[in-house]
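This report concerns only the one structure given below.
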Amino acid sequence: MTGIELAGRFYRSVVGPLLAGQPHAAALLGPGSEVLGYDDEVSTDHDFGPRLQLFLPPGTDPDPVRALLDRLPERFDGYPVTFPARAPGADGPPGRPGHRVLVDTAPDYFTARLGVDPAAGMALADWLLTPTQQLAALTRGAVFHDPADELGVRRRALRWYPPDVWRYALAAGWLRVGQAEAFVGRTGGTGDDLGSRLLAGRIARDLVRLSFLVARVWAPYDKWLGRAFRELAVATALDPPLRAALAAADWREREAALCAAASGLAAATNELRLADPVDPAPRRFHDRDIRVLGAERFTTALTGSIVDPQVRALLTRLGGRPDGSVPALPGTIDQAVDSVDVLTHPARCRAAAGLLGLPLV
């Protein structure tokens, strides 16, 4: 039984009947492999059991609901309901025995994870300072009960970027590729095979993350990035060359495979019609015996199509590369930062506003 199935059965069989007559919503959201639907038998070796979140109307006293939850059974469907010490996602003080039915309100729950209540709208800074893994955690999972649409209105608000924020994120993603793509051949040509392999891995990861942007799907955290990528339609064409690039023993094979993957994703980017089409064919890097996509051309095309005044103001503040050839784009928080201890900490993400060229929030 998956974690989502277990949570749904637990709510319908136990938690929901306990709360009969009490207005609430119920769901399984937030961090955890089971929220993404990727849990398996290995997932049950620690902190696994029936869990969910209850959302009370704002202003409701939670203590009567918590008192009702004290009547939860010790076990359900063979799994522990009460843990000897508070497990992640539990309600109540750390270190004490307890269940993992979190009692909250929808505004407080989403604000704690985003820094803003999406029901009131998402500003440019809110989008750029929220990691995609957090957006995936809040829009996937399962909603078991939501009669007042408290969860639905917030999850719909987080469905996808506004068009010009999407263009900006795509432009920044292609810039990351453009900044490194020539180095696979340059390092390989000097005999630095390890350096070439490391760069190929970085570019492959950037192309995978770009694939989620092209597909309009929030990318999960790294453990499940490859699995979720294989579920995207674009992965059918990109998976073979990406695998070939990572397995290649020769830098020229590695370069050719990366060019093939980048070219396929470039064609898919053109199909979005977010900017004037750009030739997706690989090309020579200046006069050198190195092949690249020329990914920065997509950065230029996408940023040139942005009309939103706030996004254009951000582009102006950020300025351009020293040679003036392409904008300087740090991108979204998870394009600019790779630290787990930042990306899983909403306050630290929002403190990075200046890093992304945004006013402090």
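Do we find a residue being touching a Lys or Arg at 6+ places or on another chain (Cβ under 6 Å) and assigned to a helix (DSSP H, G or I) anywhere in the stretch 262-269? Walk me through it before giving the result.
Here is the first cut: in the stretch 262-269, the ones touching a Lys or Arg at 6+ places or on another chain (Cβ under 6 Å) are none.
Scanning the stretch 262-269 turns up no residue that is touching a Lys or Arg at 6+ places or on another chain (Cβ under 6 Å) and assigned to a helix (DSSP H, G or I).
Cβ separations smaller than 6 Å between residues 6+ apart or across chains give the following pairs from the stretch 21-41 residues that are touching a residue at least 40 places away in the same chain (Cβ under 8 Å) to residues that are surrounded by fewer than 22 Cβ atoms within 10 Å (Cβ to Cβ) and in a loop (DSSP other than H, G, I, E, B): Pro23/Pro57; His24/Leu56; Ala25/Asp146; Ser33/Asp39; Val35/Arg140; Leu36/Arg140. Under the condition of being under 25 Å from Ala245 (Cβ atoms), more than 24 Å from the chain's Cα centre (by Cα) and hydrophobic (A, V, I, L, M, F, W, C), the residues counted in the stretch 293-318 number 2. Of the residues Leu246, Leu272, Leu315, Leu258, the single one that is under 20 Å from Leu207 (Cα atoms), open to solvent by less than 30 Å² (accessible area, probe 1.4 Å) and not small (Gly, Ala, Ser) is Leu258. Selection over the stretch 319-352 of residues that are in contact with a Pro (Cβ under 9 Å, 6 or more places away or on another chain), without any contact (Cβ under 8 Å) to a residue 40 or more places away in the chain and more than 27 Å from Ala295 (Cα to Cα) gives a count of 1. Comparison of Asp276, Asp289 shows that the only residue that is assigned to a loop (DSSP other than H, G, I, E, B) and free of Cβ contacts under 8 Å to residues at least 40 places away in the same chain is Asp276. If you check Gly21 against the conditions, is it of a type outside the set (Lys, Arg) and either more than 24 Å from Ala148 (Cβ to Cβ) or at pLDDT 95 or above (or both)? For Gly21, the condition - of a type outside the set (Lys, Arg) and either more than 24 Å from Ala148 (Cβ to Cβ) or at pLDDT 95 or above (or both) - is not met. Residue selection: Ala7 satisfies the criterion of being within 25 Å of Leu114 (Cβ to Cβ), more than 22 Å from the chain's Cα centre (by Cα) and either part of a helix (DSSP H, G or I) or free of Cβ contacts under 8 Å to residues at least 24 places away in the same chain (or both).
The set of residues in the stretch 142-200 being closer than 21 Å to Pro31 by Cβ, assigned to a helix (DSSP H, G or I), hydrophobic (A, V, I, L, M, F, W, C) and within 17 Å of the chain's Cα centre (by Cα) consists of Ala157 alone.
Listed by first and then second residue, the pairs with beta-carbon distance under 9 Å, at least 6 apart or on different chains, first residue in the stretch 104-117 and under 13 Å from Ala157 (Cβ atoms) and outside any helix (DSSP H, G or I), second modelled with pLDDT under 95 and hydrophobic (A, V, I, L, M, F, W, C), are Val116/Val361.
When Thr316 is tested against (1) in a helix (DSSP H, G or I); (2) under 25 Å from Gly294 (Cα atoms); (3) touching a helix residue (DSSP H, G or I) at 6+ places or on another chain (Cβ under 8 Å), only condition (3) is not met. For the stretch 61-82, the count of residues that are within 21 Å of Gly152 (Cβ to Cβ) and open to solvent by 40 Å² or more (accessible area, probe 1.4 Å) is zero. Looking across the stretch 222-236, the residues that are open to solvent by 70 Å² or more (accessible area, probe 1.4 Å) and either touching a residue at least 24 places away in the same chain (Cβ under 8 Å) or among the acidic types (Asp, Glu) (or both) come down to Asp222, Lys223, Arg227, Glu231.
Inspection of the stretch 319-331 identifies no residue that is open to solvent by less than 20 Å² (accessible area, probe 1.4 Å), in a helix (DSSP H, G or I) and out of contact with any Cys (no Cβ under 7 Å at 6 or more places or on another chain). When Ile290 is tested against (1) more than 24 Å from Phe229 (Cβ to Cβ); (2) over 23 Å from the mean Cα position of the chain (by Cα); (3) at pLDDT 95 or above; (4) crowded, with 16+ Cβ neighbours inside 10 Å, exactly one condition is not met: (3).
The values are calculated or read from the model by the stated rules, or taken from the named source; none is laboratory data. As the structure is a prediction and not an experimental result, all values here were calculated from the model. Neighbour counts run over all protein chains shown; Cβ positions are idealised from the backbone, glycine included. Accessible surface areas use protein heavy atoms only, side chains included; no ligands, DNA or RNA. Shrake-Rupley method; radii C 1.70, N 1.55, O 1.52, S 1.80 Å.
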